[in-house]
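Enquirer: Mind having a look at this structure? Questions to follow.
The values are calculated or read from the model by the stated rules, or taken from the named source; none is laboratory data. What you are looking at is a predicted structure, and each value in this text was computed from that prediction instead of being measured. In this analysis, Cβ positions are derived from the backbone assuming ideal geometry, glycine residues included, and neighbour counts consider all displayed protein chains.
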Amino acid sequence: MLKAINIKGSLMDFSTPKVMGILNITPDSFFEGSRKQTEEEIRKRITQIIEEGADIIDIGGYSSRPNAAFVSEEEEMQRLDYALSILFEMYPDAVVSVDTFRSEVARKCVEKYGVAIINDISAGNLDDKMFDVVAGLKVPYIIMHMQGTPQTMMQYTTYNNLIQDIFLYFSEKINQLHRMGVNDIIIDPGFGFSKTTNQNYQLMNSLEIFCTFELPILVGISRKRMIRNILNCSPEESLNGTTVLNTLALTKKANILRVHDVKEAVEAVKLYIASVNN
């Protein structure tokens, strides 16, 4: 049975898939249209995410695209301080996840702003204190599959067996977290991270396998290269492809869609729910 997640004392039930809207405050994200730097841009984007029906706002201060520029911990936190202060002034009760692999950034965001979820692309591999910090903070934790770092991950696309290797990775991480008292876990197979285009589609085809863990599955394929390589299009031209793959992911039991385009993802969820309930 799929586990509900305790978020600030309330259970988030995933019998209906959720939509996570991306608030991107980095200057070098792969999708130029998502970059928000000024106060006006950030306020407008936050309002858009909320009004279009997102359940969660995911905010990141360090681009995780392939070959992303290194950002110091201080600069990452400065970016987050700026945006989070605006966000919580506008919507104090918003469910916010912070996309960071640094334990001190995670700690500060939860303790200072009441951020609800930590979204770690490295599942603790890039900061060996992260599991301890998450356990202490008692917040839900998103663990993603990646090999290497954002700068090197595309050098690590060799697997003995792609699906089995990722399954084992999650099994080990989940067991370790459970031993530390962390039970509110979301898994993200990491589309586009340490995976070729063909491997991304193999992963999509096998997504239901990860239901074995009885934990919510997050899928983040919004405007990614796996779409652009097949359709020979730019990030700006890949919304339709994103919607198609998000819908496919829903049929493969995805529970959270992490997206740039909230309205289209919410509509995909509504139509999917209508189709399975009739």
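Enquirer: State the number of residues belonging to segment 235-263 that are more than 25 Å from Ile117 (Cα to Cα) and small (Gly, Ala, Ser).
Expert: Going through segment 235-263 one residue at a time, the tally reaches 2.
Enquirer: Within segment 248-267, how many residues are surrounded by fewer than 20 Cβ atoms within 10 Å (Cβ to Cβ) and under 19 Å from Asn205 (Cβ atoms)?
Expert: Number of matching residues: 4.
Enquirer: Would you mention how many residues in segment 146-203 are basic (Lys, Arg) and assigned to a loop (DSSP other than H, G, I, E, B)?
Expert: 1
Enquirer: Name the residues in segment 200-213 that are buried (at least 19 other Cβ atoms within 10 Å of the Cβ) and touching a Phe, Trp or Tyr at 6+ places or on another chain (Cβ under 8 Å), would you?
Expert: The answer is Asn200, Leu203, Phe210.
Enquirer: Of everything in segment 237-278, what is modelled with pLDDT of 95 or more and of a type in the set (Val, Ile, Thr)? Give them in sequence order.
Expert: Thr242, Thr243, Val244, Thr247, Thr251, Ile256, Val259, Val262, Val266, Val269, Ile273
Enquirer: Given (1) modelled with pLDDT under 95; (2) buried (at least 22 other Cβ atoms within 10 Å of the Cβ), where does Pro216 come up short, assuming only one miss?
Expert: (1)
Enquirer: Let me ask another. Using beta carbons and a limit of 7 Å, which pairs, at least six apart or on different chains, have the first residue in segment 19-41 and at pLDDT 90 or above and the second one polar (S, T, N, Q) and part of a helix (DSSP H, G or I)?
Expert: Sorted first by the residue in segment 19-41, then by its partner, the pairs are Ile22/Ser34.
Enquirer: Can you report the number of residues in segment 139-159 which are over 14 Å from Cys109 (Cβ atoms) and under 19 Å from the mean Cα position of the chain (by Cα)?
Expert: 11
Enquirer: Restricting to segment 106-136, and then to whatever is in a helix (DSSP H, G or I) and surrounded by 23 or more Cβ atoms within 10 Å (Cβ to Cβ), can you tell me which residue is nearest to the chain's Cα centre (by Cα)?
Expert: Top of the filtered list is Ala106.
Enquirer: Same structure again: Does Asp93 qualify as being over 17 Å from the mean Cα position of the chain (by Cα), under 21 Å from Met20 (Cβ atoms) and in a loop (DSSP other than H, G, I, E, B)?
Expert: Yes; evaluated as a whole, the condition is true for this residue.
Enquirer: Say we look at segment 219-239 and pick out the residues that are in a loop (DSSP other than H, G, I, E, B) and in contact (Cβ under 8 Å) with a residue 12 or more places away in the chain; which of these is surrounded by the fewest Cβ atoms within 10 Å (Cβ to Cβ)?
Expert: Lys224
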